[in-house]
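Readers should treat all values here as calculations from the given coordinates under stated rules, not as data from a laboratory. Just so you know, these numbers come straight off a predicted model, no measurement behind them. Glycine also receives a Cβ, built like all others from the backbone with ideal geometry; neighbour counts cover every protein chain displayed.
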Amino acid sequence: MKRIIVLGLMTLAVSNAAAQKTENSLKKAFKDKFYIGTAMSLPQINGTDVKSDQIITSQFSSIVAENCMKSMFLQPQEGKFFFDDADRFVAFGEKNNMFIIGHTLIWHSQLPKWFFVDKDGKNVSAEVLKQRMKNHINTVVSRYKGRVKGWDVVNEAIMEDGTYRKSKFYEILGEEFIPLAFQYAQEADPNAELYYNDYNEWFPEKVKTVINIVKNMKSRGIRVDGVGMQTHVGLDTPKLEEYEKAIVDYASAGVKVNVTEMEISALPSPWGTSANVSDTVEYQAKMNPYTKGLPQNVQKEWENRYLDFFRLFIKHEDKIRRVTMWGVTDNQSWKNDFPVKGRTDYPLLFDRNFKAKPVVEKIIQLTKEKK
Ligand code: XIL
């Protein structure tokens, strides 16, 4: 009898703990505001990183693949597609009722070498490049039609000064490569949301050009639903006011804002917040000051910075479709290797022991405050 009671109490305690967990999850707190998502790495997609998967299913309502849907992985050779990882990623999202995001269709990085050249290694013609873009976009988007709910159609095409990045897409097709990509995506899945995604998208000249692109496409009947603001930020940059102005400006242009790829680095940065993956700098010990843990004062500063951002997101919840973290736990973050390789950074919401940092509960509390 005693044992039954003890067991009963234990069950109660366990189910209370479980209830508590769901009660306090990020996805529950943001349910009526916007999706709250995370990027998924391969071990998470393949189910070998069980602890992270538990966090993902209990805390997040949206997912995006950190790497496996980039063109170099999906179409390593012309016409030879590899979908195994992406299929598993989409299945994971469906099984857990998540808002699934595809990242990314047209991007100058992590792109297979063959994309721009003919068999002699020369640039292909505009016609051939259009055909290759169309075939890539159509094959990928059609495969997940109705299942992937939003696509980063074009990634990182504009520079901070508002000019176009001189990528091969631009060199061969000019500005038109962006509307073309959106048109192909729209044809392949008319119901998927379509986004333009970029970093440093609060630089005023960059905002201007992105808004012009949005308006131009809209005036031509080419759908664009959102602008993804990659949020690879630091403790000092960008200023919250400039970030806020960008949110407001994009919304006024008639698109939703996705806060994408969010993490706040706690480390010194050799330059502002560029996320151009090919720019890296050499390791210097002074650039890696916190290998044994974050000092209290930096922790506090880091936490306040997260809370400032989330306060802003909540203030503009009518303009924001989704906030997506670029990963789950600190040890898996790309920031440990970017822009300086081999550092110990603390940019995400869950620590190296898969534990929620105190900031998670504080972010949840923000959703309960009166605006
Ligand atoms: C990064 C991934 O996190 C890394 O694992 C990979 O080695 C390089 O790319 N902008 C983007 C993301 O749009 O796809 C990049 O992700 C980070 C910058």
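Let me make sure I get this right: for region 65-219, a, b and c are the square roots of the gyration tensor eigenvalues over alpha carbons, sorted descending. Under 1.5 in a/c it's rounded, otherwise prolate if a/b > b/c, else oblate. Which is it?
Details: a/c = 1.74, a/b = 1.15, b/c = 1.51.
Judged from the Cα gyration tensor, region 65-219 comes out oblate (a/c at least 1.5, b/c at or above a/b).
For a footprinting-style exposure proxy, rank ARG322, ARG88, ARG343 by other Cβ within 10 Å, fewest first.
So the residues, fewest neighbours to most, are ARG88, ARG343, ARG322.
Of the candidates VAL50, VAL64, VAL359, which one comes out as most mobile in a Gaussian network treatment of the chain with C-alpha springs shorter than 10 Å?
VAL50
To the nearest Å, what is the center-to-center distance of region 77-97 and region 278-304, using C-alpha atoms only?
So the separation of the two Cα centres works out to 35 Å.
Are there DSSP H segments in the chain that both extend 30 Å or more along their axis (alpha-carbon positions) and score a mean Kyte-Doolittle hydropathy of at least -1.0? List them, or say none.
Membrane-span-like by this rule: 2-23.
For the chain, with the dipole built from +1 on Lys and Arg beta-carbon atoms and -1 on Asp and Glu ones, taken about the Cα centre, which of TYR243, ILE213, PRO179 lies farthest toward the positive end?
TYR243
Arrange the peptides 248-255, 284-291, 260-267 so that the one whose residues have, on average, the most other Cβ atoms within 10 Å appears first. Show your work: numbers first, answer last.
Details: 248-255: 16.2, 284-291: 12.0, 260-267: 24.0.
Sorting 248-255, 284-291, 260-267 by mean packing, highest first, produces 260-267, 248-255, 284-291.
Pairs of alpha-carbon atoms within less than 8 angstrom and 6+ residues apart define the contacts here; what relative contact order does region 29-366 have, in percent?
On the way: 596 pairs, mean separation 57.8, N = 338.
Computed value for region 29-366: 17 percent relative contact order.
Given Cα positions, please report Rg to Rh for the chain, the hydrodynamic radius being the Kirkwood one.
Value, to two decimals: 0.99.
Compare VAL259, VAL90, VAL128 in a GNM of the chain, Cα atoms joined below 10 Å, and give the one with the largest fluctuation.
Evaluated over the chain, the most mobile residue of the options is VAL128.
Counting other C-beta atoms within 10 Å, which of ASP118, ASP152 has the fewest, and how do the rest follow? Don't skip to the answer; put the middle values down first.
Details: ASP118 11, ASP152 27.
Lowest count first: ASP118, ASP152.
When a/c is below 1.5 the answer is rounded, else prolate if a/b is larger than b/c, else oblate, so apply that to region 157-289 with a ≥ b ≥ c taken from the square roots of the Cα gyration tensor eigenvalues. If you can, show how the numbers build up before the last one.
On the way: a/c = 2.21, a/b = 1.69, b/c = 1.31.
In terms of gyration-tensor shape, prolate.
Within the chain, what percent of beta bridges assigned by DSSP are antiparallel, to the nearest 5?
Working: 4 of 41 bridges.
So the antiparallel bridges amount to about 10 percent of the total.
In debye to the nearest 20, how big a dipole does region 29-366 give about its Cα centre with +1 on each Lys and Arg Cβ and -1 on each Asp and Glu Cβ?
Roughly 400 debye, rounded to the nearest 20.
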